Amino acid sequence: MSRRRPDPTGPLPGPVPGAHAVDSGASADDLLTTLGRLTAQARRGAELQHARVELAEALQREMLPAVLPALPGLRTAARYVPARDGLDIGGDWYDGFTLPDGALAFCVGDVQGHDVEAAAIMGQVRIGLRAVAATATDPGQVLSRANDLLLSVGSSLFATCSFLRFDPVTWELQSARAGHVASVWATADGRSGVAEDAGGLPLGIQAGERYPVTRRRLAGAGAFVLLTDGVVEGPAFPVEEGLERAAGVLARGVRDGTDPGELAERVMKVAELTGHSDDAAVLVLCHEGKP
């Protein structure tokens, strides 16, 4: 059976009985109302995020020390730069304080995450390190106790850390690190390098972790620098290259007799080469030979 195809030039079909015309004015009003509601929601979300960022920044500022300890023959300085991505707050910190026996303690660290929780955990770790360092015998024991302390609070975050203990009697520098980026050093006689000391897992990963201690006798003039990965590592910038650059910058500064504050500024500028948007911290110890 054959069927006749409809004539495309024929009249268009009329309106379907019972159908109603669409009210274009009402649709436009609905659209504007929806857009207004979504805009208000986005604004509230942005304001909430801004408030969280301000809170985290305030926490971080208040938890960094106003001054660092120093001694005749040992000058110190530190610098901190916040994350360059406006919605991110890092968990980097530095600290320095005097121990009950007269030794000086210094540390830098980095808490996983970029929010208020990371800033709060950073404060807890910093305070915990101060507490356990008062009774610990060396930096390895400090990190081991701090690790167990962080695990006891039940946080899902972990932290990396390097901890130093300087003995003003023996002029010995003891160091230990928990999953943290290596330090750099330079001496006035032209030597420099990366302190690839043995270490352990980051804090908050595994109970009972032990951290080996490295000992250095500061026999002559030079500088030892603790830093975070935001200074030396980036998306297309390997950490090894960043550490070598930082060591080179430090060596030139030590050779020129640069003061600790300026040395910290120069080392921090390495971060501009990495393309990293993370926060960054640098702590400089400039030492003379034992008096």
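In order along region 259-270, the Karplus-derived 3J(HN,Hα) couplings, from 6.51 cos²θ - 1.76 cosθ + 1.60 at θ = phi - 60°, round to 6, x, x, 5, 4, 4, 4, 5, 5, 4, 5, 4 Hz, and Gly and Pro are given as x. In sequence order, region 150-158 has phi-based couplings of 5, 5, 5, 7, x, 6, 8, 8, 10 Hz under the Karplus curve 6.51 cos²θ - 1.76 cosθ + 1.60, θ = phi - 60°, and Gly or Pro positions carry x.
For region 145-291, the gyration tensor built on C-alpha atoms gives an oblate shape. Its axis ratio a/c (a ≥ b ≥ c) is at least 1.5, and a/b is not larger than b/c.
Amide hydrogen proximity for HIS180: with H placed 1.01 Å from N in the peptide plane, the residues at 5 or more positions away or on another chain lying under 5 Å are CYS161.
When only alpha carbons of region 89-172 are considered, Rg and Dmax amount to 13.0, 41 Å.
Amide H to amide H distances under 5 Å link ASP278 with ARG84, where only residues 5 or more positions off or on other chains count and H is placed in the peptide plane.
Residues with beta-carbon under 15 Å from that of ALA134, excluding ALA134: net charge, scoring Lys, Arg +1 and Asp, Glu -1?
Local net charge: +1.
Every number here is computed from the coordinates shown, using simple stated rules; none is lab data. Just so it is clear, the model here is predicted, and its values are computed rather than measured. Neighbour counts are summed over all protein chains in view; Cβ atoms, including those assigned to glycine, are modelled from backbone coordinates with ideal geometry.
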